[in-house]
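Participant: First the structure, then my questions, so here it is.
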Amino acid sequence: MAHETPPRWDRAMRERLREGEAAALAELYDRFASLSYSIAARLVGDGEAAAEVTREVFAGLWESPDRFDPARGPMRSWVAAEAHRLGVARLRERAAGEPEQLAAQVRAASTAARADYIATSMPAPLRDALALTRFQRLSYGEVAERLGIAEDEARRRLRLGLQLLATAAGYGGTGESRGSGRAEEAPTMTPPSAVAAPPPAAFTGPPVVTCGPEPGAPGAPGAPGTLRRDGGEGE
Amino acid sequence: MAEREPGNRAHPGEAAPARMPQPRRRTAAPGAPAARRTPSGGGAATRGAGEGAAGGGADGTGEGTGADGSTGSGGLPAPSAAAHHALTSLLGAWALGACSAAENAAVEDHLNDCAACAEEALRLRDAVPLLEPRRSLDLDPGLRDQVLEACLARRPARLPLPSWAGPYDAEAARLDALLHDMAADEWRTAVPLRWFTEGAMAEHATTVAGVMDHLLAVDGLLARALSLPDPLGESAPVDPTLRTHAQWHSAAPARALAPQRAHTEWREQTRALLSAAGRTGGGPGLTSVEVPYRIPELLDGGTLSLPDAFLDRAFACWVHGDDIARAIDYPYGPPQGAHLRMVVDLVARRLAGSLAQRRRAGLALSPPRLTPVGQPGRTVHLEVEGSGGGDWYIPLDSPTAPVSAADPVARVALEDVAFCQLASGRISPDEAAAGTEGDERIVHDLLFAAAALSRL
């Protein structure tokens with residue numbers, strides 16, 4: 001439920017950091033530490049190295065709050081990109097492994113970071129429906145009942161939510177879930193026409209999704225903006 | 001929150017669909033190629049071409065899915081628009097394994113014939129592992145202090161957090177992390193709230209959301225003192241119990257729909273309180289800011305200083321975080337030593353008032369003794385063990401009497417956490433397992449005075 005913070009919050013946070021407010025620093029940490037740590041951990045592994053990256057991310061912003069520019073995207077994205085950048089730098093420093101392996105690791109971490117960004121910034125009703133099926137193993141019928149929505153609406157949310165999430169793996173080749181024998185098929189998996197998503201590690205805004213398969217069909221899943229907002233809630 | 005393969009929920013006894021959509025031959029068109037190739041059709045349809053026979057005879061058309069399998073004679077059937085639409089709408093649920101077995105079969109059957117759906121199905125299924133639970137509690141809890149200290153070492157805060165707000169900050173962060181990690185349906189988990197009453201331990205059953213509303217309502221007293229909006233409105237009472245019941249009553253309809261909202265509201269308030277605490281400057285003048293705060297040991301209501309009120313709320317935050325953690329079977333430890341000691345100190349300082357209150361109410365076992373003004377009266381040595389421990393000398397005859405560490409009339413020794421549990425009604429005076437010396441009646445009075453500090 002670490003939802004994206006609104007731009008107003010981002011600007012106020014930067015102002016509080018400028019003022020040197022310790023409570024703002026603590027709040028910043030509570031919002032973004034797990035994001036920063038998990039991105040770092042994918043690159044450099046769990047433990048001290050990921051903790052150091054996290055320390056650097058927060059110390060950097062605390063020392064120079066103006067490094068974050070609200071005009072260039074949300075603070076959450078800044079933290080994610082910074083953790084990624086520092087994690088990659090650390091990985092390169094100690095790069096004993098194969099360059100290909102390094103590239104694959106960086107790519108997987110990029111995909112995961114994009115996915116996290118998408119999952120946190122998608123509308124709450126979509127995210128809630130996804131979470132109920134994936135983590136609580138509900139069927140879509142049970143999801144509908146839980147959220148007080150019609151079954152076709154539950155199906156629609158699950159599909160649309162996954163379509164959004166799929167854009168995370170949508171470019172630069174393989175997502176980390178790919179099986180080894182399928183790499184050569186990767187380019188056909190994501191028709192560029194169906195997806196427009198932010199470039200890797202530049203988290204500039206929510207991805208735009210158009211639903212490819214049935215553009216003309218009545219009742220086709222719409223853009224996130226058309227979502228009914230009953231049954232879910234944001235932070 | 002374990003990951004699981006899609007498709008095996010509804011009827012565990014039936015064969016689960018393969019990890020990859022397996023193209024099947026349509027029974028209605030036995031002689032047709034297993035999968036239709038289309039100009040854009042890569043992915044599953046193409047890959048499956050060689051395995052088409054595997055599905056021979058399997059009629060996966062589910063009931064009620066609208067997959068009527070319109071069968072063209074001879075060539076490949078084009079699914080009807082309605083069937084296509086119905087099956088397409090299932091793709092997300094299918095990828096997540098949230099369909100019935102019959103629907104799974106119908107979808108997979110359709111993937112044979114429809115390259116567009118096959119492509120989307122694979123794409124959606126590959127997206128499923130990207131959805132990860134937030135795991136706040138995987139973070140080393142010590143990392144927070146480490147990171148914040150490192151930051152403040154590089155650039156000292158111009159608006160530091162006052163030391164008395166430290167425990168509240170840390171405990172609110174711990175509880176926040178616990179709540180973030182909770183599954184949506186755990187919000188209605190029953191949580192018993194307990195407190196000491198004369199003769200028996202009282203208990204009130206509520207839910208996780210109810211606990212958060214309780215914290216929100218009582219924390220609101222601090223909001224008032226700091227000129228922040230009282231969540232219960234300006235005319236709300238200052239009695240914590242009355243406030244809690246008022247909040248439960250007014251929030252009930254909203255919580256029935258979205259219990260997690262209690263978390264959000266509470267967290268926003270704790271953040272505003274901490275920010276305001278930092279902006280007070282934290283100076284010694286604040287100890288004279290009195291928070292109207294009806295406390296059990298004072299019949300006529302009473303007040304706490306702002307620092308003590310923050311400590312009291314940190315204490316409540318820990319105790320109720322622990323209540324929730326127990327209810328949902330989550331590990332949850334005590335506050336760090338320095339913070340625990342501040343909480344123990346607050347409780348110890350309130351003991352004299354509670355002793356006097358019980359004596360006035362005729363509940364004390366030990367006989368009273370009048371102390372001449374200005375003379376040290378009798379004291380009890382409270383020895384608290386553990387990282388939050390220390391030695392306290394509690395005046396026995398009057399809360400205002402000077403205290404002398406020499407010649408205590410009794411000694412009570414107990415663990416830091418047990419002492420706090422006693423003072424919060426989580427254990428009874430009999431369970432407090434204290435090591436004692438001296439007059440048993442005085443020991444009894446002290447333990448009961450600690451228990452009497454608890455309330456809803």
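The values are calculated or read from the model by the stated rules, or taken from the named source; none is laboratory data. These figures come from a predicted structure and were not determined experimentally. Every residue, glycine as well, gets a Cβ built from its backbone with ideal geometry; the counts of neighbours run over all protein chains shown.
Participant: Please verify whether the stretch B:329-346 includes one or more residues that are on the phi > 0 side of the Ramachandran plot and surrounded by fewer than 16 Cβ atoms within 10 Å (Cβ to Cβ).
Facilitator: Within the stretch B:329-346, one or more residues are on the phi > 0 side of the Ramachandran plot and surrounded by fewer than 16 Cβ atoms within 10 Å (Cβ to Cβ).
Participant: Which number in (1) buried (at least 22 other Cβ atoms within 10 Å of the Cβ); (2) of a type outside the set (K, R); (3) farther than 25 Å from B:D312 by Cα; (4) at pLDDT 95 or above marks the one condition that B:A127 misses?
Facilitator: If we test B:A127 against (1) buried (at least 22 other Cβ atoms within 10 Å of the Cβ); (2) of a type outside the set (K, R); (3) farther than 25 Å from B:D312 by Cα; (4) at pLDDT 95 or above, just (4) comes out false.
Participant: Looking for something more than 14 Å from chain B (Cβ to nearest Cβ) and surrounded by fewer than 16 Cβ atoms within 10 Å (Cβ to Cβ) - is there at least one such residue anywhere in the stretch A:102-122?
Facilitator: Yes, because at least one residue in the stretch A:102-122 is more than 14 Å from chain B (Cβ to nearest Cβ) and surrounded by fewer than 16 Cβ atoms within 10 Å (Cβ to Cβ).
Participant: May I pose another question? Among the numbered criteria (1) modelled with pLDDT under 85; (2) outside any helix (DSSP H, G or I), which one does A:I149 miss?
Facilitator: Single failed check for A:I149: (1).
Participant: Condition first: within 8 Å of chain B (Cβ to nearest Cβ) and within 12 Å of B:L96 (Cβ to Cβ). Now tell me which residues in the stretch A:123-141 satisfy that.
Facilitator: Those that are within 8 Å of chain B (Cβ to nearest Cβ) and within 12 Å of B:L96 (Cβ to Cβ): A:L130, A:A131, A:L132, A:T133, A:R134, A:F135, A:Q136, A:R137, A:L138, A:S139, A:Y140.
Participant: Sticking with this structure for a sec: Would you mention how many residues in the stretch A:42-60 are closer than 17 Å to A:L25 by Cα and among the basic types (K, R)?
Facilitator: Count: 1.
Participant: Go through the stretch B:368-393 and count every residue that is in a loop (DSSP other than H, G, I, E, B) and among the aliphatic types (A, V, I, L, M).
Facilitator: 2
Participant: Quick one: would you say B:V147 is crowded, with 21+ Cβ neighbours inside 10 Å and touching a Phe, Trp or Tyr at 6+ places or on another chain (Cβ under 6 Å)?
Facilitator: yes
Participant: Another question, then. Select from the stretch B:365-400 the residues that are surrounded by fewer than 14 Cβ atoms within 10 Å (Cβ to Cβ) and among the β-branched types (V, I, T) and list them in ascending order.
Facilitator: Within the stretch B:365-400, B:V373, B:T400 qualify.
Participant: A further question follows. Of the conditions (1) assigned to a loop (DSSP other than H, G, I, E, B); (2) within 15 Å of B:A348 (Cα to Cα), B:V443 clears all except one; give me its number.
Facilitator: (1)
Participant: Let me ask something additional. Restricting to the stretch B:408-434, and then to whatever is outside any helix (DSSP H, G or I) and without any contact (Cβ under 8 Å) to a residue 24 or more places away in the chain, can you tell me which residue is surrounded by the fewest Cβ atoms within 10 Å (Cβ to Cβ)?
Facilitator: B:A433
Participant: Given the conditions (1) assigned by TED's automatic domain parsing to the domain that holds B:L179; (2) out of contact with any Ser or Thr (no Cβ under 9 Å at 6 or more places or on another chain); (3) outside any loop (DSSP other than H, G, I, E, B), report the number of the one that B:I324 does not fulfil.
Facilitator: Condition not satisfied by B:I324: (2).
Participant: Give me a count of the residues in the stretch A:80-100 that are of a type in the set (D, E) and either surrounded by 14 or more Cβ atoms within 10 Å (Cβ to Cβ) or within 14 Å of another protein chain (Cβ to nearest Cβ) (or both).
Facilitator: The number of residues fulfilling the criteria is 1.
Participant: Check whether at least one residue in the stretch B:192-215 is among the charged types (D, E, K, R), under 28 Å from A:V143 (Cα atoms) and assigned to a helix (DSSP H, G or I), and report yes or no.
Facilitator: There is at least one residue in the stretch B:192-215 that is among the charged types (D, E, K, R), under 28 Å from A:V143 (Cα atoms) and assigned to a helix (DSSP H, G or I).
Participant: Would the stretch B:152-168 turn up any residue that is at positive phi and surrounded by fewer than 23 Cβ atoms within 10 Å (Cβ to Cβ)?
Facilitator: Within the stretch B:152-168, none of the residues are at positive phi and surrounded by fewer than 23 Cβ atoms within 10 Å (Cβ to Cβ).
Participant: Based on this model, can you work out whether B:D126 counts as facing chain A (nearest Cβ under 7 Å) and touching a Gly at 6+ places or on another chain (Cβ under 6 Å)?
Facilitator: Taking the combined requirement at face value, the residue satisfies it.
Participant: Could you list, in sequence order, all residues of the stretch B:83-135 that are among the small types (G, A, S) and without any contact (Cβ under 8 Å) to a residue 40 or more places away in the chain?
Facilitator: B:A83, B:A86, B:S89, B:G92, B:A93, B:A127
Participant: I need the helices (runs of 4 or more DSSP H) fully contained in the stretch A:1-79, keeping only those with at least 2 residues that are in contact (Cβ under 8 Å) with a residue 12 or more places away in the chain, facing another protein chain (nearest Cβ under 9 Å) and charged (D, E, K, R).
Facilitator: none
Participant: So, one more: Within the stretch B:245-261, restricting attention to residues that are touching a Ser or Thr at 6+ places or on another chain (Cβ under 9 Å) and in a helix (DSSP H, G or I), which residue is nearest to B:L179 (Cα to Cα)?
Facilitator: Only one residue fits best here, namely B:R255.
Participant: List the number of the failed condition for B:T197; all other conditions in (1) within 18 Å of the chain's Cα centre (by Cα); (2) free of Cβ contacts under 8 Å to residues at least 12 places away in the same chain; (3) closer than 24 Å to B:L422 by Cβ hold.
Facilitator: Result: B:T197 passes all but (1).
Participant: Please find, among B:R158, B:R174, the residue that is within 20 Å of the chain's Cα centre (by Cα) and within 11 Å of chain A (Cβ to nearest Cβ).
Facilitator: None of the other options fit; the residue is B:R174.
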